Amino acid sequence: MPVAHPRSIGELTELLDEESHTVLLAGGTDFMVGLNHGSTRLAPDDLIVDLRLVAELSTVEVDYQQQVLRLGAGVRWDDLLTAPIAEIAPCLSQAARTVGSHQIRTAGTIGGNLATASPAGDGVCALVALDATLVLTSSRGQRTVAVSEFAIAPKKNVLERDEFIERVDIPITEGWQGYSKIGTRNAMVISVAGVAVVLSSESNTCRIALGSVGPTVILSTEASQFAGTTINWEIASITSADLETVVEMTRASATPIDDHRSTAAYRKHAVGVLTKRLIEQGLTTLRKSL
Ligand SMILES: Cc1cc2nc3c(=O)[nH]c(=O)nc-3n(C[C@H](O)[C@H](O)[C@H](O)COP(=O)(O)OP(=O)(O)OC[C@H]3O[C@@H](n4cnc5c(N)ncnc54)[C@H](O)[C@@H]3O)c2cc1C
């Protein structure tokens, strides 16, 4: 099987423009599982394009002027655990900490997690709550797509054949963020349910994202808006009744299924519990800094 090793975004873009049968390979932690299980099949004329030598894909840039953290698609889980990402986007770091094992976190990338388009993608859930945007690149130029609109079904995303994810742009915001997931055991586990909450004390808004409870990661829009308007941001507090309404709205936005990992009923229950805990934890932390 032929393998190409482009060394720059320019070389990669040109290659994807010229070759019509290409398969992108980053850390291989999803790709190889698919190949071994037979869900990914390669044709003899497929060209595997190894992304690991494209230096621009591994860059981390903090732009305080534009208030944005830019992460190349090839940034690995282990890199997400360290500064500046852990300080600017702690919920993404918390999500990264829950992924697989040390070996998986050393090889797997955020771009691969996004492109796999699994509703259980821990990084995806955090990035939806963070209101992050993707820069998709091809020889036709660049376009931006919200992470919340990138996956359209399990294992399906909006990438065109010759496009790749170049980077993820994460808005820098003051406030609090958290990610929490439930699995069938404590480590090396795909989530049964996952929730990311971002409380922005700059814009007085809340974003709640739900993983593993629908065909794609869900932005719980109604619950987010209700929380944003009912939280008293001056004292970082919400009434018990309003918090219960947020919890019920979160559950209502989930569309889980029964499968080998859990039941739909448990998943709905779980996202409510996780959302409540995260909002309480966030508001308690914000109150301490008033
Ligand atoms: C044992 C094990 C445990 C795991 N645990 C978790 C977990 O707890 N949580 C979780 O979310 N995931 C988990 N995963 C899944 C996996 O590690 C992640 O989804 C990982 O981030 C995929 O990245 P990668 O670089 O390995 O992608 P690859 O396997 O190389 O690629 C995955 C897909 O993305 C495409 N792709 C890669 N980069 C790009 C790009 N820049 N542009 C366009 N397409 C691209 C590839 O063509 C391929 O289709 C686990 C996997 C294993 C094997």
Problem set entry | Accessible area (Å², 1.4 Å probe, nearest 10) - LEU243 | 10
For this session: Compute log10 of I(q)/I(0) for segment 175-288 with the Debye formula, placing one identical point scatterer on every Cα and leaving out solvent, at q = 0.13, 0.24 Å⁻¹, to two decimals.
Result: -0.45, -1.30
Exercise. If you bin the C-alpha pair distances of segment 89-140 every 10 Å from 0, what whole percents do you get?
Worked result: 22, 55, 19, 4
Problem set entry | Globularity index of segment 151-216, i.e. its alpha-carbon radius of gyration over 2.2 N^0.38 Å | 1.41
Problem set entry | Full-extension gain in nm, ALA55 to THR263, via 0.36 nm per residue minus C-alpha separation | 70.6 nm
For this session: Quote the accessible area belonging to THR230 in square angstrom, nearest 10, computed with a 1.4 Å probe and with ligands, DNA and RNA left uncounted.
Result: 40
Problem set entry | D_trans [Stokes-Einstein, Kirkwood Rh over alpha-carbon pairs] for the chain, 20 °C, 1.002 mPa s, µm² s⁻¹ | 110
Exercise. Restricting attention to the alpha-carbon atoms of segment 35-155, what are Rg (one decimal) and Dmax (integer), both in Å?
Worked result: 15.0, 48
For this session: Could you order THR275, THR40 so the one with the most accessible surface comes first? Probe is 1.4 Å.
Result: THR40, THR275
For this session: Excluding VAL62 itself, calculate the net charge of residues whose Cβ lies under 11 Å from the Cβ of VAL62, where each Lys or Arg counts +1 and each Asp or Glu counts -1.
Result: -2
For this session: Extending each Cα 7 Å along its Cβ direction at ALA4 and HIS102, get the distance between those two points in nm, one decimal.
Result: 3.7
Exercise. Taking only the alpha-carbon positions of segment 219-275 and ignoring solvent, what does the Debye formula give for the base-10 log of I(q)/I(0) at q = 0.16, 0.20, 0.29, 0.30 Å⁻¹?
Worked result: -0.51, -0.71, -1.14, -1.18
Seminar exercise, completed: For the chain, the per residue accessible area (1.4 Å probe, Å²) is 47
Problem set entry | Gaussian network model of the chain, Cα within-10 Å springs - most flexible of LEU92, LEU47, LEU278 | LEU47
Seminar exercise, completed: Note, ASP50: beta-carbon cut-off 12 Å, +1 each Lys/Arg, -1 each Asp/Glu, net +1
For this session: Between GLU280 and ASN36, take the C-beta separation as r, use R0 = 45 Å, and let me know the FRET efficiency to the nearest 0.05.
Result: 0.60
Seminar exercise, completed: For ARG7, the net charge from surrounding residues (Cβ-Cβ under 12 Å; K, R +1; D, E -1) works out to -3
Problem set entry | Histogram of C-alpha separations across segment 1-89, 10 Å bin width, % | 15, 38, 30, 15, 3
Exercise. GLN142 to VAL23: FRET efficiency via 1/(1 + (r/R0)^6), r the Cβ-Cβ distance, R0 25 Å, to the nearest 0.05?
Worked result: 0.70
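The values are calculated or read from the model by the stated rules, or taken from the named source; none is laboratory data. Computed from a predicted model, the values in this text were never measured in an experiment. Reconstructed Cβ throughout: ideal geometry from the backbone, glycine too, with neighbour counts over all protein chains shown. Side chains included, ligands, DNA and RNA excluded: accessible areas come from the protein's heavy atoms. Shrake-Rupley method; radii C 1.70, N 1.55, O 1.52, S 1.80 Å.
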